[in-house]
Structure formats: C-alpha cells, structure tokens
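Beneath this line is the structure, given in structure tokens, with notes to follow.
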Amino acid sequence: MSIARFFTACLTAALAVALTPAHAQEVTVTSFGGSYQDGQSKAVFQPAAKALGMKVKEETYTGIGDLRLKMKAGANTWDIVASGSGSAARAGAEGLLEKLDYKVIDVSSFLPGFAGEYCVGGDVFSTVLAWNTKTYGDKGPQSWADFWDVKKFPGKRAYRKGVAGALEPALMADGVPPGKVYEVLSQPGGIERAIKKIKELKPHIAVWWTSGAQHAQLMKDGEVDMTTGWNGRFDVVAKDGGKVAYTYNQGLLDYDCFAIPKDAPHKAAAMRLLAEMSKPQYQAEFTKYITYGPTNKKAYDLGVIDAAYAKRLPSSPENAAKQVPIDLAWYIKNEARAAELYNNMLTE
C-alpha cells in the first residue's frame, strides 16, 4: 500500500468512528433528580432519544448556578439542562446558554409565552400553598393571608430560601391584588415591602427549603404544618400516603424548560433531541408521573390525558385563572437586587 493510500485509509477509518451514531449522538441531559427526573426519564428523555437513535446519559444538579461554575472552570459536559423559566432567561441574558433554533424545534402548538429565546418549555407547574391535613384537616389555609395568620393557623412553616417565587406571596398576604403584584414590585419600595412582610413571618419559619425534593420530604415527614412549594411534588407525597393538600388559589403559574449550554459538546444533537422532546406525545406521557401540565396544547388532544385528571393540572383553564403568571421580564431586570435584599433579611 502506498503512503498516500495508507493515510487515506486511516483518515476514512477515523471519520467513520467519529461519525458513528453512538459517538456523535450521545447527549448528556441534566435535571433536578427525585420523582421529577424519574418521570422525565421514563416519559421524555429515554423514549425521545430512542426515537432518534441517540443515547442519553442523565445527571442531576441543583440549578443554573452549578452550570455557571462548570463553565467558568471550562469543565462543562452537559448538552441539555432542565431549568426554571426565570433562571434560564437570566442565564441566557448572561451568555451562558445557546439561542434555540425554532426552525428545528416546532413550538407552533405551544401555549403562548412558553418558549423563549434560550429555553423551550417542558412542563407547566405552580408554586402553591400546601398544608398538613393531619394538622388542619380539610380546613387548611386558602390564601397567602392565611399563611401569614399565625393565630388562626398556628404551626410551623417552611418557605423558599431563594428569592424566586418568595416575594409575590408576601405582597398578596399584605393585601396587594394578584393582578397588581408585579406593578407594586416594580415601584420604589415594592421589593422592600415584600421582604418586610416575610420578616414578620420569619420567627414562625422552621425551615428555609432549597429544593423540590426537600419541601416534599418536609411534608411527607410531617416536619412542618404548611409550606410553599411545587404542586406536582405534593401530589407525589399524597400518592405515597403523605398527609398533604394544597390550593391553586393565588398560586404562581410557571414553567420548567430545557436549554443548551453555550459550550455544550454536542449542540446539534441536543437541538434535535429538544425538537423531539417538545412533541405532544412525550409531554402527555409525563403527566402520568407528576401533575405538571404540558406546554404543547396538542398533548390534550391525544386521548392520553384523562379529562378528569386534566382538570387537576395547573395549566387547565380553571386552575390557571386562579393564579398569577410569573413575570420573567421583571426577574431579568430586578432579581439580582431582590436576591441581595432577601439574603440580607435571611442572615439578619
């Protein structure tokens, strides 16, 4: 064999290895663990990857802050990350995330506003007020004013340690109508008003939770009598026999989404996987594992989601009407300052 033919053969072999599906299309997806990721894995990640002939490796993390640290160290191996919508919007503005290609990802049948420049919606959830039914029976708190009323509803509270979703309940407890919450937060002194209201309740807050798994466990163990938290996590606890109930009244309607880090090792494959995961059949299947609603409206048309069950989901018209949609624009503009003030209150 001539030298030229030898090098040509070597190059051809190397390209063949580099372009095999197992090598070029292995995608690492990172989410939040627990029952939530277990459902994602079974209903979304693995079936979507199989449909594309891809291989998915799953990891867990606590949030975008973990991605920021990995990227800063030049050590990121994640191709897709699950995120809250607000965190993703801020991370995109910060330059951590890739802009999504909506020529590849079809969101034409998505709920309005549930697909952003850097993150595509995967499910709709609510931050709600939950209570221990062993403590209060079916007469638990029904509003944020009740949550703050320690005389009418004595008992231990838990509240979110992060600022996202923490200020809005405080203002509603202080008498601000749900439709005016972000207007008041945007006014001079609005953030301070909310934090002052939380400070009033601080002596009664036994735990400042940091994750969905944690606030679910608090209710499962009966460690607190009421808490803020995510509706689907509480439904899993109730299904397992936990004494918990919640109300959608004055809840915060939000969505989780999927994003691609700016330095993702397999961007093209990740974009294709996001396109597949956004199809209605996967989102409909995911509702079987946790009571989070689909962002793709066609998921309701497949006959997979029972009509009675659909009414329990946060994005159903009846439940959505009781809630306050999260204002991502407000968070992008104000969260840094709000977080600083909130953390100062926590450490006082």
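Which residue out of Gly175, Gly162 is open to solvent by 20 Å² or more (accessible area, probe 1.4 Å), part of a loop (DSSP other than H, G, I, E, B) and either closer than 22 Å to Gly84 by Cα or in contact with a strand residue (DSSP E or B) (Cβ under 6 Å, 6 or more places away or on another chain) (or both)?
Checking each option against the conditions leaves just Gly162.
Hey, among the residues in segment 41-86 that are in a loop (DSSP other than H, G, I, E, B) and polar (S, T, N, Q), which one's most open to solvent (accessible area, probe 1.4 Å)? Outline the logic, then answer.
Initially, segment 41-86 is screened for residues in a loop (DSSP other than H, G, I, E, B), giving 53-54, 61-63, 73-79.
When the remaining residues are screened for being polar (S, T, N, Q), the result is 62, 76-77.
Details: Thr62: 116, Asn76: 18, Thr77: 67 Å².
Restricting to residues being in a loop (DSSP other than H, G, I, E, B) and polar (S, T, N, Q), the top hit is Thr62.
Does segment 287-296 contain at least one residue that is part of a helix (DSSP H, G or I), open to solvent by 30 Å² or more (accessible area, probe 1.4 Å) and not β-branched (Val, Ile, Thr)?
Within segment 287-296, not a single residue is part of a helix (DSSP H, G or I), open to solvent by 30 Å² or more (accessible area, probe 1.4 Å) and not β-branched (Val, Ile, Thr).
Tally the residues that are open to solvent by 10 Å² or more (accessible area, probe 1.4 Å), in a helix (DSSP H, G or I) and over 18 Å from Phe125 (Cβ atoms), restricting the search to segment 200-216. First the steps, then the outcome.
Start the filter on segment 200-216 by keeping residues that are open to solvent by 10 Å² or more (accessible area, probe 1.4 Å), which leaves 200, 202-208, 210-211, 213-214, 216.
Restricting the remaining residues to those that are in a helix (DSSP H, G or I) gives 200, 202-204, 213-214, 216.
Right, trim to over 18 Å from Phe125 (Cβ atoms) and you get 200, 202-204.
The total comes to 4.
Please identify the pairs in which a residue from segment 32-48 that is over 16 Å from Gln214 (Cβ atoms) and at pLDDT 95 or above has its Cβ atom under 7 Å from the Cβ atom of a residue that is in a helix (DSSP H, G or I) and open to solvent by 40 Å² or more (accessible area, probe 1.4 Å), counting only partners at least 6 apart or on another chain.
Listed pairs, sorted by first residue: Ala43/Glu285.
When residues of segment 291-346 are filtered for being in contact (Cβ under 8 Å) with a residue 40 or more places away in the chain and hydrophobic (A, V, I, L, M, F, W, C), how many remain?
12
Got at least one residue in segment 94-105 being surrounded by fewer than 20 Cβ atoms within 10 Å (Cβ to Cβ), more than 23 Å from the chain's Cα centre (by Cα) and at positive phi?
No; the residues of segment 94-105 include none that is surrounded by fewer than 20 Cβ atoms within 10 Å (Cβ to Cβ), more than 23 Å from the chain's Cα centre (by Cα) and at positive phi.
Quick one: count up the residues across segment 49-77 that are in contact with a helix residue (DSSP H, G or I) (Cβ under 8 Å, 6 or more places away or on another chain) and free of Cβ contacts under 8 Å to residues at least 40 places away in the same chain.
8
The values are calculated or read from the model by the stated rules, or taken from the named source; none is laboratory data. Computed from a predicted structure; not experimentally measured. Quick reminder, even Gly has a Cβ in these numbers, built from the backbone with ideal geometry, and neighbours come from all protein chains shown. Quick note on the areas: whole protein, heavy atoms, side chains included, nothing else; ligands and nucleic acids left out. Shrake-Rupley method; radii C 1.70, N 1.55, O 1.52, S 1.80 Å.
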